[in-house]
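The values are calculated or read from the model by the stated rules, or taken from the named source; none is laboratory data. Please read these numbers as outputs of a predicted model, since none were measured by experiment. Virtual Cβ from ideal backbone geometry, glycine too; neighbours counted across all protein chains shown. To get the accessible areas, we keep the full protein, side chains included, count just its heavy atoms, and leave off ligands, DNA and RNA. Shrake-Rupley method; radii C 1.70, N 1.55, O 1.52, S 1.80 Å.
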Amino acid sequence: MQDREGGCLCGAVRYTVKGEPRGTAICHCTHCQKQSGSLFSFNLVVRETDYQQSGETMVFIDKGDSGHPVHRHFCGRCGSPLLAKTALMPGKVVVKAGTLDGLDGLRPQIEIYADHAVTWLAPVPGAARFGQNV
Ligand SMILES: [Zn+2]
């Protein structure tokens, strides 16, 4: 079991993810685009008990497709998005994998909200692709 470390751009928030993620997904949704300032996010779904954090995050309470709140945690100093929590996935946190110190051994299993993916971006080989959420 490999632990993975990560943190925000300025280093005020650091975290460890214990063991292997429960799932890996690229999300092309418009909220991930807005929040990241990029075109998609690469996310790890991990058990809350496998996520340990030092430093404080600020929280933006977003609303998902389902109407449920999505708590988006970010560093209040440098703005890096770090994780999200939603009532649809109790006991889980969704870690923004771009904040990991390294991505060794991690590949996306699925792509979601591909209906919003930019047309010039090729599908990821080996990843199942869904137009909306799974
Ligand atoms: Zn920071």
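Just a few scattered comments:
- Test result for G79, at pLDDT 95 or above and assigned to a loop (DSSP other than H, G, I, E, B): yes
- A127 being more than 17 Å from T30 (Cβ to Cβ) and either within 14 Å of the chain's Cα centre (by Cα) or among the aliphatic types (A, V, I, L, M) (or both): yes
- The lone exception for V118 - which of (1) at pLDDT 95 or above; (2) in contact with an Asp or Glu (Cβ under 9 Å, 6 or more places away or on another chain) it fails: (2)
- For region 101-129, a residue qualifies if it is open to solvent by 50 Å² or more (accessible area, probe 1.4 Å) and within 18 Å of L44 (Cβ to Cβ), and the qualifying residues are D101, L103, D104, G105, R107, Q109, G126.
- Long-range neighbours under 8 Å by Cβ, at least six apart or interchain, first residue over 19 Å from S38 (Cβ atoms) within region 112-132, second open to solvent by 30 Å² or more (accessible area, probe 1.4 Å) and outside any helix (DSSP H, G or I): G126/R107; A128/Q109; A128/I110; F130/I110; Q132/D65
- Taking region 9-32 as the range and being within 16 Å of the ligand (Cβ to nearest atom), at negative phi and open to solvent by 10 Å² or more (accessible area, probe 1.4 Å) as the test, the residues that pass are L9, C10, A12, R14.
- Single unsatisfied condition, G98 versus (1) away from the ligand (no atom under 16 Å from the Cβ); (2) in contact with a helix residue (DSSP H, G or I) (Cβ under 8 Å, 6 or more places away or on another chain); (3) open to solvent by 30 Å² or more (accessible area, probe 1.4 Å): (1)
- Residues that are aliphatic (A, V, I, L, M) number at least 1 in the following strands (runs of 3 or more DSSP E) confined to region 3-73: 14-17, 23-27, 41-47, 58-63.
- Residues of region 33-44 satisfying the condition of being buried (at least 16 other Cβ atoms within 10 Å of the Cβ) and free of Cβ contacts under 8 Å to residues at least 60 places away in the same chain: Q35, S41, N43
- Region 48-94, subset polar (S, T, N, Q), within 16 Å of the ligand (Cβ to nearest atom) and open to solvent by 30 Å² or more (accessible area, probe 1.4 Å), residue nearest to I26 (Cα to Cα): Q53
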